[in-house]
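Student: Here you go, one structure.
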Amino acid sequence: MTFLKTLLASALVMALGGVAQAAVSPEQAAELGKSLTPVGAEHAGNADGTIPAYNGGLTTVPSGYKAGSSMRVDPFADETPRLVITGQNVAEHQDKLTAATQALLKRFPSYRVDVYPTHRTVALPQRLLDNTLKNAVQTQAVEGGLALENALPGVPFPIPQSGYEVMWNHLLRYQGHAINSKYDSWNVDASGTASLATTGNAFIEYPLYDPANTGPAKENDIYFKTKLYYQGPARRAGEAILIVDAINPLKQPRRGWQYLPGQRRVKLAPDIAYDTPNPGAVGASTYDDAWVFNGAMDRFDFKLVGKKEMYVPYNTYKLNYHEKAADITTPNHINPDLTRWELHRVWVVEATLKPGKRHIYAKRTFYVDEDSWIALASDAYDARGQLFRGAFAHMAYSYDVQAPNSDNHMFYDFVSGSYNITGIYGPYGGVKYIEPLSKAQWSAESLAGAGIR
């Protein structure tokens, strides 16, 4: 039995016995950098060679990239698909496709999945890899998996043994320290009409990844914060929101504030969480849909299913840095000419709504990349067990700063026949990595000054 199978079998036994394992043994952790990469992915390729062995990631800046530019050239622009999946041959490949992908292929003859050669591009800074090795034997999931202890900046659970641990790896994924981008969010209705949902200016910070931060995170420490200024359309211009998430959401729940120009004041907004419809997507997704999943996990039971080879959006430079939104937002689905799919191994996590808890989704399945720990896709089901929505995150590695980015994400609604794509930043110069904002700039009061029309 392989190392991975042994580990999963051990995790299953302990889950059935009601015992929570906080960390792996030193012997298991010793596989990091050997059979496993430093972040816990399988080092080897797959049997038929369609997934290559990990060779350290994309460490050479592609020719044609201008130093300092936030518009990153596609290192694989000259490649052609090795496989094209349509509604005609979807049955041959359904074991490697999410439920949402299958539904799109069966519903729309114009939809297709262009599968390109797989490139394992992600390479994280060495200090995070060093911390990840320490995390493997010391980080603990507490409060039933809902909070963390002793997590250093890096992957908290490189050898995960529960669904909660995989999702924490996603929530604490490395995307840089401080990010800024101007972006559009577009809705396309069932008739194929595209309309601008919002134009925003987003600031995102991951405070745990401050280079000065060398100690383990404490329960009240902030791991994620974002501030959004809405600049369009006219009805939304001047609005602003601020969201802050802590390591222990039970003791320090999400804090949110909102500024509305008509009211001329900043107010607490505790509902900016869970299944509250996200006005930034005109209600086409929930707040905890953003980036495929974000926020607290207390409304669902997260079960680790295992690892699978799946066709997922990956190295999507052509889409992410495209400069015309109208080329992307085609009727029924985004333009397949701009989307790149690759075969990668992903961790599969099933989330089932807890008894007594409320959410518009009764079940969710998440697909989390083994190399970046980014949730690349999800399937969401309603109370009847029917496929409700599907989400995709379009990951492109920022090779100049050693940070994967998945801020371009989208949602298909199979009930209404509409879709939303958020984070179209190509028309505005791409993703920028910036110095962190000051403490004053992260105060709730700062929303009012910057949000006035």
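Student: What is segment 249-298 by shape, rounded, prolate or oblate, if you read a ≥ b ≥ c off the alpha carbon gyration tensor as root eigenvalues and call it rounded for a/c under 1.5, prolate for a/b larger than b/c, and oblate otherwise?
Tutor: Working: a/c = 3.17, a/b = 1.26, b/c = 2.52.
Since a/c reaches 1.5 but b/c is at least a/b, the shape of segment 249-298 is classed as oblate.
Student: Applying 1/(1 + (r/R0)^6) with R0 = 35 Å to the Cβ-Cβ distance of residue 251 and residue 350, what FRET efficiency is obtained, to the nearest 0.05?
Tutor: Values: r = 27 Å, r/R0 = 0.77.
The computed FRET efficiency comes out at 0.85.
Student: Can you give the net charge of the other residues whose Cβ lies under 10 Å from the Cβ of residue 163, counting K and R as +1 and D and E as -1?
Tutor: Numbers: positive: 303; negative: 165, 301, 350.
Surrounding charge for residue 163 is -2.
Student: I need the Debye-formula profile for segment 229-370: one equal scatterer per C-alpha, no solvent, reported as log10 I(q)/I(0) at q = 0.12, 0.13, 0.16, 0.18 1/Å, two decimals.
Tutor: -0.70, -0.82, -1.14, -1.27
Student: Quick check: with the 1.4 Å probe, what order do 119, 344 take by accessible area, largest first? If you can, show how the numbers build up before the last one.
Tutor: On the way: 119 50, 344 5 Å².
Accessible-area ranking of 119, 344, largest first: 119, 344.
Student: Starting from the Cα of residue 354, draw a straight line to each of the aspartates and glutamates and keep only those under 20 Å, dropping any in the same chain fewer than 8 residues away.
Tutor: Qualifying aspartates and glutamates at Cα under 20 Å: 143, 165, 271, 275, 288, 289, 298, 301, 379, 382.
Student: If I model a spin label as a point 7 Å beyond the Cα along the Cα-Cβ vector, how far apart are those points for residue 189 and residue 201 in nm?
Tutor: 3.1 nm
Student: Now for a separate question. Taking 0.36 nm per residue of separation and subtracting the Cα-Cα distance, what length does fully extending residue 267 through residue 298 add? Intermediate results must be reported in sequence, preceding the final value.
Tutor: Numbers: separation 31, 0.36 × 31 = 11.16 nm, distance 2.49 nm.
Length difference between fully extended and current span is 8.7 nm.
Student: Taking only the Cα atoms of segment 304-453, how large is their convex hull per residue, in Å³?
Tutor: Working: hull volume 27.8 nm³, N = 150.
For segment 304-453, the hull spanned by Cα atoms encloses 185 Å³ per residue.
Student: I'd like the accessible area for residue 210, computed on protein heavy atoms only with a 1.4 Å probe and all protein chains in place. Round to 10 Å², please.
Tutor: 50 Å²
Student: To continue, here is another question. Tell me which trypsin sites (Lys or Arg not before Pro) from segment 342-388 have a DSSP coil assignment and no more than 13 other beta carbons within 10 Å of their own.
Tutor: Working: sites: 345, 357, 358, 363, 364, 384; in loops: 357, 358, 384.
For trypsin sites (Lys or Arg not before Pro) across segment 342-388 that sit outside H, G, I, E and B with at most 13 neighbouring Cβ atoms in 10 Å, the list reads 357, 358, 384.
Student: Now, a different point. Counting residues in segment 137-251 as N, plug N into 2.2 N^0.38 Å and put the Cα Rg over that result. Each step should come with its number before you reach the end.
Tutor: Numbers: Rg = 17.7 Å, N = 115, 2.2 N^0.38 = 13.4 Å.
Cα Rg divided by the expected 2.2 N^0.38 Å: 1.32.
Student: What do you reckon, how do 59, 37 stack up by accessible area (1.4 Å probe), largest on top?
Tutor: On the way: 59 105, 37 0 Å².
Heavy-atom accessible area, descending, gives 59, 37.
Student: I've got another one for you. Is any residue of segment 131-156 close enough, with backbone N under 17 Å, to a label point placed 7 angstrom from the Cα of residue 34 along the Cα-Cβ axis, and if so, which?
Tutor: Under cut-off, by backbone N: 133-134, 136-137.
Student: Rank 242, 32 by accessible area, highest first, at a 1.4 Å probe radius? Could the numbers behind the result be given before it?
Tutor: Working: 242 0, 32 20 Å².
Listed by decreasing accessible area, they come as 32, 242.
Student: Also, quick follow-up: Between residue 383 and residue 276, what FRET efficiency follows from the Cβ-Cβ distance if R0 is 22 Å, with the result rounded to 0.05? Mind dumping the intermediate values first?
Tutor: Numbers: r = 18 Å, r/R0 = 0.81.
Efficiency, from the Cβ-Cβ distance: 0.80.
Student: While we're here: If you average the C-alpha positions of segment 370-404 and of segment 317-361 separately, how far apart do those two centres end up, in angstrom?
Tutor: 6 Å
Student: What distance in nm separates the simple spin-label points at residue 214 and residue 337, each placed 7 Å from Cα in the Cβ direction?
Tutor: About 5.3 nm separates the two model spin labels.
Student: If I histogram all Cα-Cα distances within the chain using bins 10 Å wide from 0, what percent of pairs lands in each bin?
Tutor: Percent of Cα pairs in each bin: 4, 21, 33, 28, 11, 1, 0.
Student: If you don't mind, another one. Return the distance in nm (one decimal) between the two label points of a simple spin-label model at residue 360 and residue 79, each offset 7 Å from Cα along Cα→Cβ.
Tutor: Placing both labels 7 Å beyond Cα along the Cβ direction yields 3.5 nm.
Student: Take the alpha carbon gyration tensor of segment 15-166, find the square roots of its eigenvalues, order them as a ≥ b ≥ c, and report rounded if a/c is under 1.5; if not, report prolate when a/b exceeds b/c, else oblate. The partial results should precede the final answer.
Tutor: Numbers: a/c = 2.19, a/b = 1.38, b/c = 1.58.
Cα axes put segment 15-166 in the oblate bin.
Student: Calculate I(q)/I(0) for segment 107-195 by the Debye formula, one identical point scatterer on each C-alpha and no solvent, and give its log10 at q = 0.15, 0.16 Å⁻¹ to two decimals.
Tutor: -0.80, -0.83
Student: Relative to the present Cα-Cα distance, how much length would full extension add between residue 234 and residue 48 at 0.36 nm per residue of separation? Intermediate values should be presented prior to the final figure.
Tutor: Details: separation 186, 0.36 × 186 = 66.96 nm, distance 5.32 nm.
So the chain would gain 61.6 nm between residue 234 and residue 48.
The values are calculated or read from the model by the stated rules, or taken from the named source; none is laboratory data. All values derive from a computational prediction rather than experimental measurement. No Cβ is skipped: glycine too gets one built from the backbone with ideal geometry, and neighbour counts run over all protein chains shown. What goes into the accessible areas is simple: the full protein's heavy atoms, side chains included, and nothing from ligands, DNA or RNA. Shrake-Rupley method; radii C 1.70, N 1.55, O 1.52, S 1.80 Å.
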